[in-house]
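Beneath this line is the structure, given in structure tokens, with notes to follow.
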Amino acid sequence: MSLELHNVGRTFKGKTAVQNISFSAKPGEIIGLLGTSGCGKSTILRAISGLDTDYDGDISINGNTSKEIHDTTGFIFQEPRLLPWLDVLENVTFGLKGKKQEKEVLAKEYIESVGLQGNEHLYPRELSGGMAQRVAIARALVTSPEILLLDEPFSALDAFTKMQLQDLLLDVWKTYQSTIVLVTHDIDEALYLCDRVIILRGQPGEIDRDILIEEKRPRARGSEKMAALKTEILESLDLNKPSSITS
Amino acid sequence: MANQESSYAADGVVVPEKSIDRPRAKRNLKGWKPVLLGSIFPIILILVWELLSKMGVFPPYQLPAPSVIFLTIVELAKDGSLWGHIGVTTYRVFAGFVLGTGVAIVLGSLVGFFKNAEQLFDPMIQAFRSIPSLAWVPLFILWMGIGEPSKIAMIAVGVFFPVYLNIVSGILGVDRKIIEVGKMYGLNTFQLITRIILPASMPSFLVGLRSGLGLGWMFVVAAELMGASQGLGFLLVYGQNMAQPETIIASIVLFAIIGKLSDWILKAIETKSLHWQDRLVKS
Ligand SMILES: Nc1ncnc2c1ncn2[C@@H]1O[C@H](COP(=O)(O)OP(=O)(O)OP(=O)(O)O)[C@@H](O)[C@H]1O
Ligand SMILES: [Mg+2]
């Protein structure tokens, strides 16, 4: 599904969090949102998801600009947000429709791919932070959403698990050609996963740069070309750079 | 888990296995520890009381010995009237509890879910809440006579408020973040209520039930004091009229026992249905 933002902004009680956000994503494109803390990345994702409807501007999903929640959209929140009264398996099947047995077979597949096999019957209070986040990832991926919004999905995980799950995300993407918007603080992650990286800056946040990453997948982690891009991104994130400081 | 499975033979016959019995025995012992700890003080108190009564420190026409009270209860049990008293009182509390809880669930859910219902009902309910519930007694008697309906209505009024307030605050207190999860999965309003809001407000609802039940026991005393021919409250009045302190205290003790018992049942339900809750465990 295609996604298009046109002059999107959001103001909370007179205080503008983001403004003038325009970008579009082709079907199956992976877009990274990068920016310092508080510059409005989560706010943009909430607007795209339809959970927040009080934004300005237009967001169109497959040409449809109505402000509503599309059930083909999946959202991995910045926190796990598991339902505490359901165990791991029930949490993962929560968004699935159909026969109980089929749902569980599918869910178990994903529980295994996030490395939680054998923990199906633990309750959220018995999970570590990273385990809970992995359950949340499985819960979102299992529905094979056509648009996938991810808010720092891997930030609570160790380096190795993180890489595994990034590859899992790419697998899901390859199979279902989901359009993905990924918020992250990890530049290497953005370079590894995304077709384009959009960099936000300032308070209120605005788009500073839109960097195309043309390298073919599967990409090597930490190649020379990537290193050059990384330096470029780091520079544009540098808050001391005078260009768009608004204070 | 694996242990338990291995203890089931292929034909479904349970084969006892030492490795499961041992931890279970240990758990049982653990389960009794709080009971033992909790009974230390009451036992000491009763012993001292008995001793002092025997020594004549307390005059028996004012504070009879525990043994005398115990014998009174045994006596009541023997002539069979005890079960009638307990039965009638428990029935009244139960009926009032069910009635009050039912109305509270309906009104509480409406007020919790719908803004219009909140604006319609809540101010009135809050105003009624500020009336001490016992003030209704004369009116209820006037309307319904001195029989069962007025008693049950009174108990229901007592039960209603804590249950209602807890349901409303439970529903309003559901974390917006998990409601959003439901919305992201395209749940409609009805599904949001049944799959997210109800389970999430369960803890608060159960707290309301327990305090409602406590008030139910309080109100049954009031209801039975104002005129009854049977029931533990009647036994109180009877003991007073007959100048039998042992009957009064026996009735108080019985109130304590069945009140505690009914609370214990609710607590067991609570523990079972809220096992997922992440609560502080004291060491
Ligand atoms: N519900 C809200 N009410 C008021 N202000 C809000 C609300 N949500 C976000 N904001 C404000 O909007 C700004 C952007 O918040 P947002 O959560 O989008 O940041 P972020 O880029 O996701 O940051 P982080 O990287 O730390 O997650 C912040 O200044 C925040 O205070
Ligand atoms: Mg954020």
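Computed over protein heavy atoms with a 1.4 Å probe, the carbon and sulfur contribution to the accessible area of the protein assembly as shown reaches 62%. Three principal axis extents describe the C-alpha atoms of the protein assembly as shown; from largest down they are 98, 62, 47 Å.
Candidates A:Thr53, B:Gly259, B:Val159 compared by Cα position along the dipole of the protein assembly as shown: farthest toward the positive end lies B:Gly259, with charges placed on Cβ. Calculated [222 nm] ellipticity per residue, helices only, for chain A: -10000 deg cm²/dmol; basis is -39500 (n - 2.57) per DSSP H run with n ≥ 4, divided by all residues, nearest 500. Going by accessible surface with a 1.4 Å probe and the largest first, A:Arg139, A:Arg81 read A:Arg81, A:Arg139. Projecting the Cα positions of A:Cys194, A:Leu83, A:Ala132 onto the charge dipole of region A:3-236 (unit charges on Cβ atoms of Lys, Arg, Asp and Glu, taken about the Cα centre) puts A:Leu83 furthest along the positive direction. Within region A:1-91, the GluC sites (Glu not before Pro) that combine a DSSP coil assignment with at most 12 other C-beta atoms in a 10 angstrom radius are A:Glu68.
Helix A:100-113 axis versus longest C-alpha principal axis of chain A: approximately 60°, rounded to the nearest ten. Whose amide H sits under 5 Å from the amide H of A:Gly74, counting only residues 5 or more places off or on another chain, with H placed in the peptide plane? Close amide H contacts, sequence-distant or interchain: A:Glu146, A:Ile147, A:Leu148, A:Leu149.
Each Lys and Arg contributes +1 and each Asp and Glu -1, all at the Cβ; summed about the Cα centre of the protein assembly as shown, the dipole is approximately 1200 debye. Taking the Cα atoms of region A:3-236, the ratio Rg/Rh between the radius of gyration and the Kirkwood radius comes to 0.96. Computed from backbone phi with θ = phi - 60° and the Karplus coefficients 6.51, -1.76 and 1.60, the 3J(HN,Hα) list for region B:233-244 is x, 4, 4, 4, 5, 4, x, 5, 5, 8, 6, 10 Hz; x is used for glycine and proline.
B:Phe128 contributes an accessible area of around 80 Å² to the protein surface, as traced by a 1.4 Å probe with all chains present. Amide H contacts of B:Phe58 (H built 1.01 Å from N, in plane; Pro and chain starts excluded): B:Ser53 sit under 5 Å, all sequence-distant by 5 or more or on other chains. Across chain B, the longest run free of exposed loop sites, meaning trypsin sites (Lys or Arg not before Pro) lying outside DSSP classes H, G, I, E and B with no more than 12 other Cβ atoms within 10 Å, spans B:1-278.
Considering all C-alpha pairs of region B:103-165, those separated by over 13 Å amount to 64%. The charge dipole of region B:66-273, taken about the Cα centre with unit charges on the Cβ atoms of Lys, Arg (+1) and Asp, Glu (-1), comes to about 600 debye, rounded to the nearest 20. Accessible surface area normalised per residue over the protein assembly as shown is 53 Å², counting heavy atoms of protein chains with a 1.4 Å rolling probe. Its relative contact order, with pairs defined as Cα atoms under 8 Å and 6+ residues apart, puts region A:48-135 at 29 percent. Residues of region B:174-200 that bury at least 50 Å² of accessible area when the other protein chains are present, relative to the chain alone (probe 1.4 Å, heavy atoms, ligands and nucleic acids excluded): B:Lys177, B:Ile178, B:Glu180, B:Val181, B:Met184, B:Tyr185, B:Arg195.
Dividing the mean sequence gap of close Cα pairs (under 8 Å, 6+ apart) by how many residues region A:3-236 holds gives a relative contact order of 27 percent. Chain A against chain B buries an accessible area of about 1900 Å², both chains summed, 1.4 Å probe radius.
Quick check on chain B: take the gyration tensor over C-alpha atoms, sort the square-rooted eigenvalues as a ≥ b ≥ c, and tell me if it's rounded (a/c under 1.5), prolate or oblate. Because a/c hits 1.5 or more and a/b fails to exceed b/c, chain B counts as oblate.
If R0 is 60 Å, the Cβ-Cβ spacing of B:Met242 and A:Asp238 corresponds to a FRET efficiency of close to 0.05.
Could you give the size of the charge dipole of region A:3-236 about its Cα centre, using +1 on the Cβ of each K and R and -1 on the Cβ of each D and E, expressed in debye and rounded to the nearest 20? Charge dipole of region A:3-236: 180 debye, to the nearest 20. Here's the picture: charge each Lys and Arg Cβ at +1 and each Asp and Glu Cβ at -1 in the protein assembly as shown, and of B:Ile193, B:Ile43, A:Ile31 the one pushed furthest to the positive end of that dipole is B:Ile43. Backbone geometry of region B:179-194 corresponds, through the Karplus equation with coefficients 6.51, -1.76 and 1.60 at θ = phi - 60°, to 3J(HN,Hα) couplings of 5, 4, 4, x, 5, 4, 8, x, 5, 7, 4, 4, 5, 4, 5, 6 Hz, x marking Gly and Pro. Taking amide H as placed 1.01 Å from N in the peptide plane, the amide H of A:Val18 sits under 5 Å from that of A:Arg10, A:Gly205, each at least 5 places away or on another chain.
Using heavy atoms of the protein chains and a probe of 1.4 Å, the accessible area assigned to A:Asp56 is about 80 Å². The HN-Hα couplings worked out from phi for region B:103-109 by the Karplus form 6.51 cos²θ - 1.76 cosθ + 1.60 (θ = phi - 60°) are 4, 5, 5, 4, 5, x, 5 Hz, whole numbers, x standing for Gly and Pro.
The values are calculated or read from the model by the stated rules, or taken from the named source; none is laboratory data. Source: prediction; values computed, not measured. Note that each Cβ is placed from the backbone with ideal geometry, even for glycine, and that neighbours are counted across all protein chains shown. Note: areas computed on protein heavy atoms with side chains; ligands, DNA, RNA excluded. Shrake-Rupley method; radii C 1.70, N 1.55, O 1.52, S 1.80 Å.
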